[in-house]
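Since the structure comes first, as structure tokens, the remarks are kept for the end.
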Amino acid sequence: MPAIWHIYHVNNCRHATPPKDKLVIIVCVSVKYMGLFINKAIHPFIKKNPDLLACQVVIKASDHKCLSYDSYVNCTRLFPFEADELSNVKDAVNSQTKTEIKTAVALSTTIEKCYKKII
């Protein structure tokens, strides 16, 4: 059973465009497991939009052994996952990063309020 606040490697992630391997953090369970993408860089569109930029959280490689370099958690969009997509657990999210993610999610104008309350 997948655990909340853990990083998973999702092979050929159906939510990525185009589908590709992604690291995701599961942050809550509603009807399905809900997760946020970890990206190696911030998309240029997000960099130009202060509201979206405020919802990017640095996740440090020094704190998470599954990362090869510092990356970014995009807290602007949640994605649903099935349990069988989350079989490759990599690492637990540390408490500081968890707090920063919760703060970014609270600021997000693109995540539904019902999920903000659960997270």
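Can you pull out the residues in segment 14-28 that are at pLDDT 95 or above and either under 23 Å from residue 116 (Cβ atoms) or polar (S, T, N, Q) (or both)?
15, 22, 23, 24, 25, 26, 27, 28
Any residue in segment 38-57 that is basic (Lys, Arg) sitting within a Cβ distance under 8 Å of a residue that is in a loop (DSSP other than H, G, I, E, B)? List the pairs, counting only those 6 or more apart or interchain.
40/69
Can you name every residue in segment 1-18 that is surrounded by 12 or more Cβ atoms within 10 Å (Cβ to Cβ) and outside any strand (DSSP E or B)?
2, 3, 4, 5, 14, 15, 16, listed by residue number.
Quick one: residue 51 ticks every box in (1) more than 15 Å from the chain's Cα centre (by Cα); (2) over 19 Å from residue 110 (Cβ atoms) bar one, so which box is it?
In the conditions (1) more than 15 Å from the chain's Cα centre (by Cα); (2) over 19 Å from residue 110 (Cβ atoms), residue 51 misses (2) alone.
Could you check how many residues of segment 64-111 are in contact with a Pro (Cβ under 9 Å, 6 or more places away or on another chain), surrounded by 14 or more Cβ atoms within 10 Å (Cβ to Cβ) and outside any helix (DSSP H, G or I)? Show your work before the answer.
Within segment 64-111, the first condition is being in contact with a Pro (Cβ under 9 Å, 6 or more places away or on another chain), and the residues that meet it are 81, 83, 85-87, 89.
In the following step, the residues that additionally are surrounded by 14 or more Cβ atoms within 10 Å (Cβ to Cβ) were identified as 81, 85-86, 89.
When the remaining residues are screened for being outside any helix (DSSP H, G or I), the result is 81, 86, 89.
Qualifying residue count for the region: 3.
The values are calculated or read from the model by the stated rules, or taken from the named source; none is laboratory data. Predicted, not measured: the structure shown is a model, and the values here were computed from it. Note: ideal-geometry Cβ built from the backbone for every residue, glycine included; neighbour counts use all protein chains shown.
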